[in-house]
Amino acid sequence: MAVEPRFLTLADVAEVLNISTSQVYALVRNGELAAIKIGGRGQWRVERDRLEDYISRMYTQTSAFLADHPFVETGADGGSEVE
């Protein structure tokens, strides 16, 4: 049985989140996603658990956003239907 690696490259994270590597880099640089810089060339690595924490935080933030901004259906004329 293969063991999942503890650390992921930014490209790996991009694949998991289905976003670009540059978007992952921006998340790391602005502090939204915790990462470490290792090695002589300073390559970024994201711990798998930190990625899971980030995903959980995004679910929480999205739930809060949806609670504050409920979906309102519009009528055929573009106005809100309120009963």
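Please treat every number below as a calculation from the coordinates, not as lab data. Note that this is a predicted model, so its numbers are computed, not measured. Here Cβ is always computed from backbone atoms with ideal geometry, including for glycine, and neighbour counts include all displayed protein chains.
Between the Cα long axis of helix 48-68 and the first principal axis of the chain there is an angle of about 10°, rounded to the nearest 10. Exposure proxy shown here: for VAL3, VAL24, the number of other Cβ atoms within 10 Å sets the order, fewest to most, as VAL3, VAL24. In terms of surrounding Cβ atoms within a 10 Å radius of their Cβ, TYR54, TYR59 rank from fewest to most as TYR59, TYR54. From the coordinates of this entry, Cα Rg over 2.2 N^0.38 Å is computed, and it appears in (1) 1.19; (2) 1.69; (3) 1.59 under the label (3). What FRET efficiency would be calculated for the residue pair MET58, MET1, taking the C-beta separation as r and a Förster radius of 22 Å, to the nearest 0.05? E(calc), rounded to 0.05, equals 0.15. With a simple spin-label model that places each label point 7 Å from the Cα along the Cα-to-Cβ direction, the separation between ARG41 and SER20 comes to 2.2 nm. In this rough spin-label picture, where each label sits 7 Å from Cα along the Cβ direction, the ASN30-ALA67 distance is 2.3 nm. Write out the trypsin sites (Lys or Arg not before Pro) in region 40-72 meeting two conditions: DSSP loop, and at most 11 other Cβ atoms within 10 Å of their Cβ. Sparse-neighbourhood loop trypsin sites (Lys or Arg not before Pro): ARG41.
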